[in-house]
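The values are calculated or read from the model by the stated rules, or taken from the named source; none is laboratory data. Keep in mind it's a predicted model, so treat the numbers as computed, not measured. Don't worry about glycine lacking a Cβ; one is built from the backbone with ideal geometry, like all the others, and counts go over all protein chains shown. The accessibility values were calculated without ligands, DNA or RNA, using every heavy atom of the protein model including side chains. Shrake-Rupley method; radii C 1.70, N 1.55, O 1.52, S 1.80 Å.
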Amino acid sequence: MTGRGRFARREVRISVLAGAIAALLIVVAGAGLALTSKPKYTAESVLVVLPSAALDTSDSAAYYETLSRGQIVATFAEVADNLRFQDQAAQNLNLSAEQKAGLSTAVTVVPDTSVILVRTTAGSAAVAEQVADATTTLATAYLANLSEPYRTDLVHGAAGTATAAGTSPIVLLALAVVVALIVGVGVQQAVYHLMTTLRTRRERRSAEPAGDAAEPATEPDAPAEPVAAADHHVPAGDLGAGPSGEPRGGDRPARHLAGPENDRPDGDPAGPGDGITDTTADTTDDRTENSTRESMVGPHGR
């Protein structure tokens, strides 16, 4: 238990160190991003498209009806969104290359209205407001020459409307801290469980040989089967006579039995293994023996 507790404490220390390093890296990255990111500001000027004031009442009603369809306003916004108005405004304001960096202007229409919004984003609030007003002035002058029945009036300029756009450095740093905590805890848990799993596998592997060595004591191997002296199979019925003179396990009786009368023709007594004979050979031996006896006795000896 002491060794296992020491290993557990070591795993906790290593996992906590890994989580702390991961969290620190996230915080450093977030702080660098917050410090290097430049804030942006957005300023907005508002235009409205209306029928010309020189029209009489009946004509104004017809033009208002046409204006309500939205095609006239959308056309004006598309013309004012041309990039040349922004470039001309930046040139008129004598902006430096650094001030022009990240400068952008977008012209949109408020849905179901004849209101047009001119929004400019820049690296400083003053530049954003100046470019928005200059772009609105140039676009309005250009549109006035194209549409006599309609006019574009300025609702309000962009002065004082600049607001910070994007994420502030403080918010970025706070988000980095939160993400660092989450990532640190996740890394710590992952490293701890990984090390615990590896230690458990090592302990199981180290315990396996001891278990294998103890198996022969509890479950001895079965004794080896004795090897047969002779691996010959003699079919039933071809066996010789047993010790008692009875045929051995067969339906066919043996022709030669142990005894003096069953000596071999060459004079050698039959051995214990000569009881196994062939039927054809027995018939031939009988004929030879009968012929020999007739020759010795003679014709009158029968």
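General remarks:
- Tensor-based shape of region 98-160 (alpha-carbon gyration tensor, a/c under 1.5 rounded, otherwise prolate or oblate): prolate
- 3J(HN,Hα) along region 102-113: x, 7, 8, 10, 10, 10, 10, 10, 5, x, 6, 9 Hz, from the Karplus curve 6.51 cos²θ - 1.76 cosθ + 1.60 with θ = phi - 60°, whole Hz, x for Gly and Pro.
- Computed accessible area, T200, all protein chains, 1.4 angstrom probe, square angstrom: 50 Å²
- Shape call, region 40-123: gyration tensor on alpha carbons, a/c limit 1.5: prolate
- Amide H contacts of A165 (H built 1.01 Å from N, under 5 Å, at least 5 apart or other chain): K40, Y41, T42
- A Förster radius of 30 Å combined with the Cβ-Cβ distance from A54 to A126 puts the calculated FRET efficiency at roughly 0.20.
- Cα→Cβ-extended label distance, 7 Å offset, between L175 and K38, nm: 2.0 nm
- Area of K100 that stays accessible when all protein chains are in place (1.4 Å probe, Å², to 10): 100 Å²
- L93-R6 pseudo-label distance in nm [points 7 Å out on the Cα-to-Cβ vector]: 7.2 nm
- Neighbour net charge for S15 - beta-carbon separation under 13 angstrom, K R +1, D E -1: +3
- Ranked order, H156, H193 - accessible area, probe 1.4 Å, largest first: H193, H156
- Sorted largest first, extent of region 145-196 alpha carbons per principal axis (Å): 81, 23, 12
- A 1.4 Å probe, protein heavy atoms only, puts the accessible area of E98 near 150 Å².
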